[in-house]
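First the structure, in the form of structure tokens, and then the observations on it.
Where a number appears in this text, it was derived from the coordinates with a stated rule and is not lab data. For clarity, every value in this text was computed on a predicted model and none was experimentally measured. Virtual Cβ from ideal backbone geometry, glycine too; neighbours counted across all protein chains shown.
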Amino acid sequence: MKKVLQCLMSLEIGGAETHVIELSKYLAKKGYKVVVASNGGTYEKELVEAGVKVIRIPMHSKKPLFIVQSLILLNRLIRDFKPDIVHAHARIPGLYVSIFEKLYHFRMITTVHGKFKINWLLKHITQWGKEIFVVSEDLKEYLIDNYPVEKANIFSTVNGIDTVRFYPSDESDIEYDIIHVSRLDQGTSNTADMLITYAQESSVNVLVVGAGSELKKLREKSTEIYNINFQGSTNRVDVELRKAKIFVGISRSALEAMSMNIPVVLSGDYGYMGIMQPSVLDEAIKNNFTARVSTMLDYEKLRQDLDAVLKMDPELFSWERDFIQNHYSISKMSEDYIKVYENE
């Protein structure tokens, strides 16, 4: 069975990170020898428990010291592990992996999880693999429009959701009205900031799950607001989702909430789509439930939708789990990759 090295920036909360974790666990069960290299984080333990080897390489930073360390450690890992496939999941890991591709003669594959910032320099240092996966149709269009790639080398997959773990909760589990799960960095924390205002203006209880550079500021801002809790990171998002009536956020976490039949409000720094209903599914699928190229995030729209969805009958969202099971399973995602892995 093939040896596969997965390279990404970190193993903290995030859609790309969970994507790699679920794929790696599935591959390991199928008999592949899998190693995951990253700067580490919350999800390391889950991989280790699944029999996947984890190696720390600081591919999360462009600082010169980390670049040198990453290249030395990655070279050593590839030399010793001798992977058949090296699969990169972000711009920095992709660049590093490409440096060693010809030296060690492995097959390089990349997955595009989001749109990269583009300028002349960044466009020319971005390296794609022999095959490129995208998790949504708008990312395929982005690739074709901005990079010299062949359509025939682009493959589609989904963000596979563990529907066994993310199952509907009992009312007795509920402690909060609203939950928001996200990285809390610059550029990914505006919804969390707006939820502080919403909590301050209402009596609803809000739970925010996630870590990042903005967490300290957000906690300080909400110090005297009793009904919002910035919990920090967790490797058991399913446990936290079970505590709330409504999910606010985007991407993989939104899909996980839908697997639990939790009403979803799509709101993120990329854009705003509002209450998730069958009438907006086609647009959500196209942008991978990120609200990209939708309307801009706006507090007044968010407030109105939260007021509305908190009054809606939960049965109106009973279609969500069937949709996830039919279209966003881990097996579908992983088998999409395996077909390409095995096609020499």
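Hey, rough spin-label estimate for GLU49 and LYS311, points 7 angstrom out along Cα→Cβ, what's it come to in nanometres?
4.2
Obtain the radius of gyration and the Kirkwood radius of the chain from its C-alpha atoms and give Rg over Rh. Could you put the intermediate results ahead of the total?
Values: Rg = 20.0 Å, Rh = 20.7 Å.
Answer for the chain: 0.97.
Quick one: how many lysine pairs does region 218-344 have with C-alpha atoms less than 29 Å apart and a gap of 8 or more or different chains? Give me the count, please.
16
Using 1/(1 + (r/R0)^6) with R0 = 41 angstrom and r between the beta carbons of LYS332 and LYS102, what's the FRET efficiency to the nearest 0.05?
0.80
Amide H neighbours of GLN127 under 5 Å, at least 5 residues apart or on other chains, H built in the peptide plane: list them.
LEU95
Please report the spacing between the Cα centers of region 283-338 and region 66-103 in Å, no decimals.
Cα centroid of region 283-338 versus Cα centroid of region 66-103: 35 Å apart.
Evaluate the charge dipole of the chain about its Cα centre and quote only its size in Debye, nearest 20, assuming +1 on the Cβ of each Lys and Arg and -1 on the Cβ of each Asp and Glu. Mind dumping the intermediate values first?
Numbers: 42 positive and 45 negative charges, 390 e Å.
Dipole of the chain, to the nearest 20 debye: 1880 debye.
So if each residue of separation counts as 0.36 nm, and I subtract the Cα-Cα distance between MET1 and VAL68, what length gain in nm does that give? The partial results should precede the final answer.
On the way: separation 67, 0.36 × 67 = 24.12 nm, distance 3.20 nm.
So the chain would gain 20.9 nm between MET1 and VAL68.
For region 171-327, list log₁₀ I(q)/I(0) at each q in 0.08, 0.16 Å⁻¹, using the Debye formula over Cα point scatterers of equal strength and ignoring solvent, two decimals each.
Log10 I(q)/I(0), no solvent term: -0.19, -0.83.
If you add up the charges near GLY210, with Lys and Arg at +1 and Asp and Glu at -1, over every other residue whose beta carbon is less than 11 angstrom from its beta carbon, what do you get? Could the numbers behind the result be given before it?
Numbers: positive: ARG183; negative: GLU12, ASP185, GLU214, GLU240.
After counting each charged neighbour, the total is -3.
Evaluated at 25 °C with a viscosity of 0.890 mPa s, what Stokes-Einstein diffusion coefficient in µm²/s does region 89-213 have when Rh comes from the Kirkwood expression over alpha-carbon pairs? Don't skip to the end; give the middle numbers.
On the way: Rh = 18.0 Å.
Here the translational diffusion coefficient equals 136 µm²/s.
Placing unit charges on C-beta atoms (Lys and Arg positive, Asp and Glu negative, everything else neutral), compute the dipole magnitude of region 171-327 about its Cα centre in debye, rounded to 20. It would help to have the intermediate numbers written out before the result.
Values: 16 positive and 24 negative charges, 87 e Å.
Rounded to the nearest 20 debye, it is 420 debye.
Please state the charge dipole magnitude for region 106-174, taken about the Cα centre, from unit charges on C-beta atoms (+1 on K and R, -1 on D and E), reported in debye and rounded to the nearest 20. It would help to have the intermediate numbers written out before the result.
On the way: 8 positive and 10 negative charges, 128 e Å.
Approximately 620 debye in magnitude.
For region 147-225 and region 232-276, what is the separation of their Cα centres, given in Å?
If we compute the Cα centre of each part, the gap is 6 Å.
Looking at the chain as a GNM with Cα springs under 10 Å, which of HIS327, HIS19, HIS89 has the largest mean-square fluctuation?
Of the options given, HIS327 has the highest mean-square fluctuation.
Enumerate the amide H contacts of LEU207 below 5 Å, restricted to partners 5 or more residues apart or on another chain; note that Pro and chain-start residues carry no placed amide H.
So LEU207 has HN proximity to ILE178, ILE179, HIS180, ASN229.
Highest GNM mean-square fluctuation, the chain, Cα pairs closer than 10 Å: which of PHE289, PHE116, PHE247?
Greatest mean-square fluctuation among the candidates belongs to PHE116.
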